[in-house]
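Since the structure comes first, as structure tokens, the remarks are kept for the end.
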Protein chains: 2
Amino acid sequence: MVHADASNFAADVTKQEAYQQVLDQAEGLFYEQRNWVCNLSNAAALLWHAYKSVPSPSNQVNWAGFYTIDHSVPSTQPKQQLILGPFQGKVACQTIAFGRGVCGTAASQKTTQLVPDVDAFPGHIACDGDSKSEIVVPIVNGRNTLVAIIDIDCTVVNGFDDVDKEWLEKLAELIGKSCDWP
Amino acid sequence: MVHADASNFAADVTKQEAYQQVLDQAEGLFYEQRNWVCNLSNAAALLWHAYKSVPSPSNQVNWAGFYTIDHSVPSTQPKQQLILGPFQGKVACQTIAFGRGVCGTAASQKTTQLVPDVDAFPGHIACDGDSKSEIVVPIVNGRNTLVAIIDIDCTVVNGFDDVDKEWLEKLAELIGKSCDWP
């Protein structure tokens, strides 16, 4: 199999169909491969090319990737932080404290944050001023401990809806159980 | 600082100027941050956006990223392998045996492989049939042990020259000494 084909999406796919392909391809790529860096890197590529294949606003996604728990911060410290993982898009903030901005809130509350307008979100961190809306989905391991988050940014407001939430939560579940986490 | 600005390159930069910016920005991003996943993820973003900003053939780059040593393979085994790290581009091969293809040859010989036409390279692995030329640069740690490779693919033959080799080797040296490797 030519691996790049996994990120080729038909020209007229719907958002649901694109997400279904992301999930199917991810499941295939994760088969007998549990390395989290490898799997998150390919998952970011799948998501990026899926978004670029579907109608607006999804094709206006400008960042798709992951943050993971930063284990260089001792767990005895009161505040944990996230650290940048594999992604597609422009250079991004390296660390984000739990509770700070959209990513930090998703991490500390372990709930999906669907933010139609990031400028209205208290404490939003502007890694890229072009990003106008965002969805962040927590990833937990088999013991329901947070290990990472999926973070997707879009250059227009209302870039995401409940369809994105539903499918990204399915992807988060697949990723959570398919990788060995540090 | 808005981090995404690091990947904004002026419209009329030369290849040398773009590489200089990559190196300068990488040095800034790596300051007080030695997490290898975080740093390789941002370095892939810098390289990708640099290539997209300069004239052909560099703007025809279709994959820019990293493979690292796969530590799930015991070092007592005769054959080591590389495993996919952070990148920008389409889904890629997950593991590559030392000595196999362009990446595996760069890893086993610890020398840069500048390949004008991948189809003429013995044992080339076609992760993406669109890739026609490739440059792979080894990254070593402070003890001169191979820890990773930089891998860049281009959709046209003769996509890379000695300027790419020179600058990517500078970047490899910076990355090698700036990260804590597993």
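The values are calculated or read from the model by the stated rules, or taken from the named source; none is laboratory data. What you are looking at is a predicted structure, and each value in this text was computed from that prediction instead of being measured. Here the Cβ is made from the backbone with ideal geometry for all residues, glycine too, and neighbour counts use every protein chain on show.
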Just the residues that are within 21 Å of B:ASN42 (Cβ to Cβ) and in contact with a Phe, Trp or Tyr (Cβ under 6 Å, 6 or more places away or on another chain), please, taken from the range A:110-149.
A:VAL147, A:ALA148, A:ILE149
Would you check if B:ALA43 is surrounded by 15 or more Cβ atoms within 10 Å (Cβ to Cβ) and closer than 24 Å to B:ALA148 by Cβ?
yes
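Just to be sure, is B:VAL147 in contact with a helix residue (DSSP H, G or I) (Cβ under 9 Å, 6 or more places away or on another chain), part of a strand (DSSP E or B), under 21 Å from B:GLY85 (Cβ atoms) and more than 14 Å from every other protein chain (Cβ to nearest Cβ)?
Numbers: in contact with a helix residue (DSSP H, G or I) (Cβ under 9 Å, 6 or more places away or on another chain): yes; part of a strand (DSSP E or B): yes; under 21 Å from B:GLY85 (Cβ atoms): yes; more than 14 Å from every other protein chain (Cβ to nearest Cβ): no.
When the stated conditions are applied, B:VAL147 does not pass them.
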Do we have B:ASP161 as under 16 Å from the mean Cα position of the chain (by Cα), farther than 21 Å from B:ALA92 by Cα and of a type outside the set (A, V, I, L, M) here?
yes
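Could you please let me know if A:LEU29 is closer than 24 Å to A:THR155 by Cα, within 13 Å of chain B (Cβ to nearest Cβ) and not charged (D, E, K, R)?
No; evaluated as a whole, the condition is false for this residue.
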Only one of (1) in contact with a helix residue (DSSP H, G or I) (Cβ under 6 Å, 6 or more places away or on another chain); (2) more than 20 Å from B:GLY159 (Cβ to Cβ); (3) of a type outside the set (Val, Ile, Thr); (4) free of Cβ contacts under 8 Å to residues at least 60 places away in the same chain is not met by B:ASP70, so which one is it?
(1)
Considering only residues of the range A:1-20 that are part of a helix (DSSP H, G or I) and acidic (Asp, Glu), which is modelled with the highest pLDDT?
A:GLU17
Condition (residue is surrounded by fewer than 24 Cβ atoms within 10 Å (Cβ to Cβ), in contact (Cβ under 8 Å) with a residue 40 or more places away in the chain and charged (D, E, K, R)) applied to the range A:78-100: is it met by at least one residue?
no
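Just to be sure before I move on: is A:LEU168 surrounded by 17 or more Cβ atoms within 10 Å (Cβ to Cβ), free of Cβ contacts under 8 Å to residues at least 24 places away in the same chain and within 23 Å of B:LYS90 (Cβ to Cβ) in the structure I sent? Show your work before the answer.
Working: surrounded by 17 or more Cβ atoms within 10 Å (Cβ to Cβ): yes; free of Cβ contacts under 8 Å to residues at least 24 places away in the same chain: no; within 23 Å of B:LYS90 (Cβ to Cβ): yes.
Criteria not met by A:LEU168.
Could you please let me know if A:ALA11 is of a type outside the set (D, E, K, R), touching a residue at least 24 places away in the same chain (Cβ under 8 Å) and more than 9 Å from chain B (Cβ to nearest Cβ)?
When the stated conditions are applied, A:ALA11 passes them.
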Only one of A:GLN16, A:GLN60, A:GLN81, A:GLN109 is more than 8 Å from chain B (Cβ to nearest Cβ), polar (S, T, N, Q) and in contact with an Asp or Glu (Cβ under 6 Å, 6 or more places away or on another chain). Can you tell me which?
A:GLN81
For the range A:14-43, how many residues meet the condition of being touching a residue at least 60 places away in the same chain (Cβ under 8 Å) and of a type in the set (Asp, Glu)?
1
Does the range B:132-142 hold any residues that are modelled with pLDDT of 95 or more and more than 11 Å from the chain's Cα centre (by Cα), and which are they?
B:LYS132, B:SER133, B:VAL140, B:ASN141
For the condition within 20 Å of B:ALA18 (Cα to Cα) and either under 16 Å from the mean Cα position of the chain (by Cα) or of a type in the set (Ser, Thr, Tyr) (or both), what is the one hit in B:VAL61, B:VAL91?
B:VAL61
